[in-house]
Structures are given as C-alpha cells and as structure tokens.
Amino acid sequence: MGIKILGTGRALPQRIIDNNELGQSVDTSDEWIRSRTGIGQRYKCEGEENEKTLAIAAAKEIILDACKREFINKNEIGVVVVATSTAEHAFPSTACMVCSALDLDSEVIAFDITAACSGFLYGLEIVRSLLENSKKKYGLLIGSEHLTKILDKNDRTTCVLFGDGAAGVLIKNDESIYVHKAWAKGDLDSLYCNGIGKEETYLHMDGKAVFKNAVKAFEQAITEVIAESEIKLTDVDLFVTHQANERIIDYVRKKHPEVAEKFYVNIERYANTSAASIPIALDELNKAGRLNSGSKILCVAFGAGFTWSGCLFAM
Ligand code: UT7
C-alpha cells in the first residue's frame, strides 16, 4: 500500500537574513556563500517563533489545502508525526502540541522523530505504515526546524548554511506506486549537536566529509529505489532532494543528464532547513500547480547519523 498526498503547507518566520547581512557579523561574502552552496538568504525565528509555532501554522495550512481535494474531517486524522532535531521541549512532543492546537480527537498516535535531514522521508514511511493498521484515514507529517538557535553565530563554516522553517503533508493510504528505502550508519563525529544538559549545544559539521557521503548516498538512494520499482529513471516526473548544497544536487544531475532538468532546487531562498526542506519544496511545487495527479516524484535525503533515504510515490 502506498500513499496519496492530499494537501501540503508551509510556515516560515517573518525575518529574512540575506548573505550580505551575515557578512556584517562574520568574515564571509555573498559571493562565497552563493558560489559554494547556492544559498542567497535564510529565514530566522525571532521573538515567540520556534519550531512549535511554525509546525502549528504549517499544519493549519496543510489541512486547508487538503480540503480543496476532498472533505477532511480532522477527527479522521489517526497519526501525527513531527520530524525535528530542534524541539523547544524534550517533552511533550511537538506533535502533541500540533494535536492540541488543531483540537484533534484524542484517538491519535502522535510523536516526534529525529533523523536529522532525513526526518521527513523516514516519517513518510512511518506514517504510511501506521495508517495501514489504523481505523482512521489520514496521517499528518510535518518537518519543522529552528536551526538558527543551535548555530554558533561566530562560526562562518556553519552559520551561513542553515535556516528555519516548517512544512508538511496530509496523506492517506493508496494503491499507487510506492517504493521506500532508508539507511543509517553510525557516523557520530561528522555532524552532531549536543542535547539538553550539555554546556555547549552548537551544531558541528565536517563539511567535506558530509559532502562526500551525501553525494554517494543520493546516488545510492536514486539507483536502488528505481531498481526496486517497475519504472525507469526517465519515467520520474520530478526529483525533490534535500536542499543542503546546490553543488551536491548538481553532482547528481551530472551523473544523470537525461533527467537533469527534472531536479527541483530552491536552496537560494531557504538555505538548509533540515527535515523541513523536502516538504517546503513539495509545497512550492504544489502551489505552483506542478504536482499533477499521477506525477511520479522521487525524493532523496541525507543527514546526520548518517541517515539517508529515498522514496518514490505518485501524486
Ligand atoms: O544537511 C546535512 C547535510 N549537509 C551537507 O550536506 C553539507 C555538506 N558540505 C558542504 O556543503 C560544503 O562542504 C561546505 C559548504 C560546508 C563547505 O564548502 P567547501 O567547498 O567544502 O569549503 P571548505 O570547507 O573546503 O572551505 C574552503 C575555504 C576555507 O578557507 P581556507 O582554509 O581555504 O583558507 C574555509 O575557511 O573557505 C573558507 N570558508 C569560508 N569563507 C567564507 C568556510 N566557510 C566560509 C564562509 N565564508 N562562510
């Protein structure tokens, strides 16, 4: 059993910080950031904004959007998962906060997952499989991140790369094409951030090591998902990858020139929003009318852990 996406939505903080503004506080430049990463600006939570407020705002937009496709009784939502590495609270989960804000029926499984930048694709398989055994029809999956709070604003090698945001999908089970694969490997040093109770809780990354592993992982995910499906690579209508660095996406494009035009890139506007990056892209595509019924979408993600994943589904 596969999935059908019924609605998408996103929520971004008010504040936008462009590369030139960052250049006023660290030794960097718009030229360096754009040429090395493709990033032009990022959103940053301020004041009361955090991963919870963004997740709730995105959830409301997702449900409104889904209502354009079919009548949604929100008490038919049986699963709520939030993928995040930056929750304000250790508990209760952000997912429970979403349930409360939406005033959902309490017969719902709601929890957060942490799989770093692969969180949304891990979450897709979790929600899909939980729905198979649910009496209820719909699953809500949101990727929400407040990454700017874990960045060392004096470390130019990381503070320019990440941004805040949330987005997600409402799904139901469906017979259409679906192939999901996920991997995890215990790399504990290349990309990490200490948790509650530690003195220092900044994100640390060995950019080169992560880059090298990311390109390999994207390639593996694309190749193995297509091999397990009954379609050819050229049958895929859109490739939506995690947006960490445009050069990673270009590397994969160059390996597959026959589909290079089908890769969606929006890193210029958001930087790396971790678990939110794929659903933000899906929402942009949806709102631009590019997710036509029957379109085959192949998503791939890679993140800390390392974790990586690929998922092929049809709209
Ligand atoms: O979402 C999780 C997955 N994350 C990723 O996939 C990120 C993967 N890694 C990357 O995207 C890239 O490795 C980076 C964008 C992080 C770095 O790009 P790079 O081409 O590997 O640069 P580098 O680390 O080799 O640095 C080159 C130079 C260094 O200076 P020297 O040693 O050559 O004098 C850095 O100190 O660029 C310097 N540098 C900067 N200069 C200006 C590093 N950051 C900056 C900066 N502005 N922000």
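Out of the residues in the range 229-253 that are closer than 15 Å to Phe211 by Cβ and of a type outside the set (Val, Ile, Thr), state the one that is surrounded by the most Cβ atoms within 10 Å (Cβ to Cβ). Before the answer, list the steps.
Within the range 229-253, the subset closer than 15 Å to Phe211 by Cβ is 241-252.
Filter again for of a type outside the set (Val, Ile, Thr), leaving 242-247, 250-251.
Values: His242: 32, Gln243: 30, Ala244: 28, Asn245: 22, Glu246: 20, Arg247: 14, Asp250: 15, Tyr251: 16.
Applying the filter and picking the extreme gives His242.
Which of the strands (runs of 3 or more DSSP E) contained wholly in the range 1-96 include at least 1 residues that are of a type outside the set (Val, Ile, Thr) and within 14 Å of the ligand (Cβ to nearest atom)? Steps first, please.
Values: elements: 2-11, 15-18, 41-44, 77-83.
Per the criteria, 15-18, 41-44, 77-83.
Would the range 186-201 turn up any residue that is more than 10 Å from the ligand (Cβ to nearest atom), part of a helix (DSSP H, G or I) and more than 21 Å from the chain's Cα centre (by Cα)?
Within the range 186-201, the subset more than 10 Å from the ligand (Cβ to nearest atom) is 186-189, 192-201.
Checking which are part of a helix (DSSP H, G or I) leaves us with none.
No: zero hits.
Against the definition (part of a loop (DSSP other than H, G, I, E, B), touching a helix residue (DSSP H, G or I) at 6+ places or on another chain (Cβ under 6 Å) and over 23 Å from Glu246 (Cβ atoms)), how does Asp105 come out, yes or no?
Working: part of a loop (DSSP other than H, G, I, E, B): yes; touching a helix residue (DSSP H, G or I) at 6+ places or on another chain (Cβ under 6 Å): yes; over 23 Å from Glu246 (Cβ atoms): yes.
For Asp105, the condition - part of a loop (DSSP other than H, G, I, E, B), touching a helix residue (DSSP H, G or I) at 6+ places or on another chain (Cβ under 6 Å) and over 23 Å from Glu246 (Cβ atoms) - is met.
Taking the options Lys255, Lys262, Lys296, name whichever one is without any contact (Cβ under 8 Å) to a residue 60 or more places away in the chain and in contact with a strand residue (DSSP E or B) (Cβ under 6 Å, 6 or more places away or on another chain). Before the answer, list the steps.
Working: Lys255 fails: in contact with a strand residue (DSSP E or B) (Cβ under 6 Å, 6 or more places away or on another chain); Lys296 fails: without any contact (Cβ under 8 Å) to a residue 60 or more places away in the chain.
Exactly one of Lys255, Lys262, Lys296 is without any contact (Cβ under 8 Å) to a residue 60 or more places away in the chain and in contact with a strand residue (DSSP E or B) (Cβ under 6 Å, 6 or more places away or on another chain), namely Lys262.
For the range 228-248, how many residues meet the condition of being free of Cβ contacts under 8 Å to residues at least 60 places away in the same chain and over 17 Å from Trp308 (Cα atoms)?
4
Coordinate-derived values only; no laboratory data. Small disclaimer: the values here were computed from a predicted structure and weren't measured. With ideal geometry, Cβ positions are generated from the backbone for all residues, glycine too; neighbour counts draw on all protein chains shown.
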